[in-house]
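Please read the structure below before turning to the comments.
The values are calculated or read from the model by the stated rules, or taken from the named source; none is laboratory data. Just so it is clear, the structure is predicted and the values come from calculations on it, not from any experiment. Here Cβ is always computed from backbone atoms with ideal geometry, including for glycine, and neighbour counts include all displayed protein chains. These area figures cover heavy atoms from the full protein model, side chains too; ligands, DNA and RNA do not enter into them. Shrake-Rupley method; radii C 1.70, N 1.55, O 1.52, S 1.80 Å.
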Amino acid sequence: MPASLQHLREEVGLAGAAWESFGAEWNALAALWLRTENVLSKAGRIDLTYDEIHTSTIPEEWKDWMYAKTMKTDANRPGESFGQVFTDYLNGLKSSTQVVGGTVMDEIWCRPGKTGVIGLILCLYWQAEFSGAGNDWKANIKLVENILNAILAEPDL
């Protein structure tokens, strides 16, 4: 994990009890995220500004987490309904965000750092931890895997 994100390991489910209990699929997704994070860090994209976060279409709970990380404060936990909110958000993304040569690079979170793709991992963790992992969670893992693979396949990176 990049040194700049080490302090977030447990908060996003990449250490501790979640890391131990979420299984091989979660561990494989984390490895894929790490490769994606490293590739994006070479693309020159920087953390989002407060205004960019505010005007984005990502779920409010994710925005609140980004605000908290930007201001170096603790973030609130999402409510039980967050799992459905995140599923709806992923399902609302253009299908072209999941294919090579698609539109994934246009997404505001398609960057490294605390306001980037780590948020997808965070939201999956929240979905499992606070909303109950289930069929939606397993399907969302696959969607996020497809998104990360599409980023890694971008010819400009």
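Among residues of region 144-156 that are among the aliphatic types (A, V, I, L, M), those with a beta-carbon under 8 Å from a residue that is open to solvent by 40 Å² or more (accessible area, probe 1.4 Å) and part of a helix (DSSP H, G or I) at least six positions away or on a different chain give the pairs I147/Q98; L148/R35; A150/Q98; I151/V39; L152/R35; L152/V39. Candidates K69, K94: the one that is open to solvent by 60 Å² or more (accessible area, probe 1.4 Å) and either under 17 Å from V117 (Cβ atoms) or in contact with a His (Cβ under 6 Å, 6 or more places away or on another chain) (or both) is K94.
Residues in region 72-91 that are under 19 Å from A139 (Cβ atoms) and surrounded by 12 or more Cβ atoms within 10 Å (Cβ to Cβ): P78, F82, G83, Q84, V85, F86, T87, Y89, L90, N91. Taken over region 39-56, the residue count meeting the criterion of being farther than 10 Å from R111 by Cβ and touching a Leu at 6+ places or on another chain (Cβ under 9 Å) is 3. The residues in region 12-58 that are open to solvent by 60 Å² or more (accessible area, probe 1.4 Å) and closer than 28 Å to K138 by Cα can be counted, and the count is 11.
Within region 44-67, the set of residues being in a loop (DSSP other than H, G, I, E, B) and touching a residue at least 60 places away in the same chain (Cβ under 8 Å) comprises R45, I46, D47, L48, I58, P59. Set side by side, the residues F86, F130 differ, and just one is without any contact (Cβ under 8 Å) to a residue 60 or more places away in the chain and over 21 Å from A28 (Cα atoms), which is F130. Looking across region 68-81, the residues that are in a helix (DSSP H, G or I) and over 20 Å from E129 (Cα atoms) come down to T70, M71. What are the residues in region 103-124 that are part of a helix (DSSP H, G or I), in contact (Cβ under 8 Å) with a residue 12 or more places away in the chain and either more than 15 Å from L32 (Cα to Cα) or in contact with a Lys or Arg (Cβ under 9 Å, 6 or more places away or on another chain) (or both), if any? V104, M105, C123, listed by residue number.
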